[in-house]
Amino acid sequence: MDFKSLIRVIPDFPQPGVSFKDITPLLKDGRAYRAAIDTLASMVRPLGSEVVVGPEARGFVIGGPLAYALGVGFVPVRKAGKLPAETVSVSYELEYGSDRLDIHRDALRPGQRVLVADDLLATGGTLRSTICLAERLGAVVTGCAFLIELTELEGRAKLAGYNVLSLVQY
């Protein structure tokens, strides 16, 4: 399936010079969404992950269904102050500012094999922070899966040493 044809490119959003990759056309097409998740699942299945971790919010849209397809659990990583139990936090730089991510302290166990999933790999900052949270809890990151990778931003370099798999590259 030509997934790229279902991703809308919006120039100058959210600021001039940025070319936003909008996955909503792909998501609203049930057949394409299922095919994208199934294809990602076949790509990451050999990694033997026991749980999928996804950062808020679009990481939920990819990570949750991917966990379901793999038959494993899903652990959300949320923005600061959104989780009700005791958390571990990390601050990080975004393409357009800074933020903080939290994970429940009891979300992962030491040695647990974790796949990190998100919709997009851009500069790698959000995913690097998500990996940091998983590793602080003692988990072993088996790989990182993305619907889209923006190769010119070299986010893969921030994830050196990890298996990085993406469905579509720009």
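Just so it is clear, none of the values below were taken in a lab; they were calculated from the coordinates. Only a predicted model underlies this, so the values are computations on that prediction, with no experimental measurement involved. Here the Cβ is made from the backbone with ideal geometry for all residues, glycine too, and neighbour counts use every protein chain on show.
What is the count of Lys pairs in the range 3-169 whose alpha carbons sit under 24 Å apart, if the two are 8 or more places apart or on different chains?
Numbers: Lys4/Lys21; Lys4/Lys28; Lys21/Lys79; Lys21/Lys158; Lys79/Lys158.
Close lysine pairs under the 24 Å cut-off: 5.
Could you state, as a whole-number percent, how many of the C-alpha pairs of the range 3-169 are farther apart than 19 Å? Display every interim value, and only then the final one.
Working: 7359 of 13861 pairs.
Roughly 53 percent, once rounded to a whole number.
If you average 1/r over all unlike Cα pairs in the range 79-170 and invert the result, what Kirkwood radius do you get in angstrom?
On the way: mean 1/r = 0.0736 Å⁻¹.
After inverting the mean inverse Cα-Cα distance, the result is 13.6 Å.
How long are the semi-axes of the equivalent ellipsoid of the range 69-114, defined as square roots of 5 times the Cα gyration tensor eigenvalues? Whole Å, largest first.
On the way: eigenvalues 98, 39, 21 Å².
Value: 22, 14, 10 Å, ordered largest first.
Could you give me the percent of Cα pairs per 5 Å distance bin for the range 9-107, shortest bin first, beginning at zero and ending with the bin that holds the maximum distance?
3, 11, 16, 18, 17, 18, 13, 4, 0
For the range 130-170, restrict the atom set to alpha-carbon positions and state the Rg and Dmax in Å.
My reading of the Cα-based Rg and Dmax gives 11.1, 33 Å.
State to the nearest 20 debye the size of the charge dipole of the range 13-93 about its Cα centre, where the only charges are +1 on K and R beta carbons and -1 on D and E beta carbons. Walk me through the intermediate numbers first.
On the way: 9 positive and 7 negative charges, 42 e Å.
For the range 13-93, the charge dipole is close to 200 debye.
In the chain, what % of DSSP beta bridges are antiparallel (nearest 5)?
Values: 14 of 35 bridges.
So the antiparallel bridges amount to about 40 percent of the total.
Given H placed on each backbone N at 1.01 Å, which residues far from Phe74 in sequence or on other chains put an amide H within less than 5 Å of it?
Result for Phe74 returns Val52.
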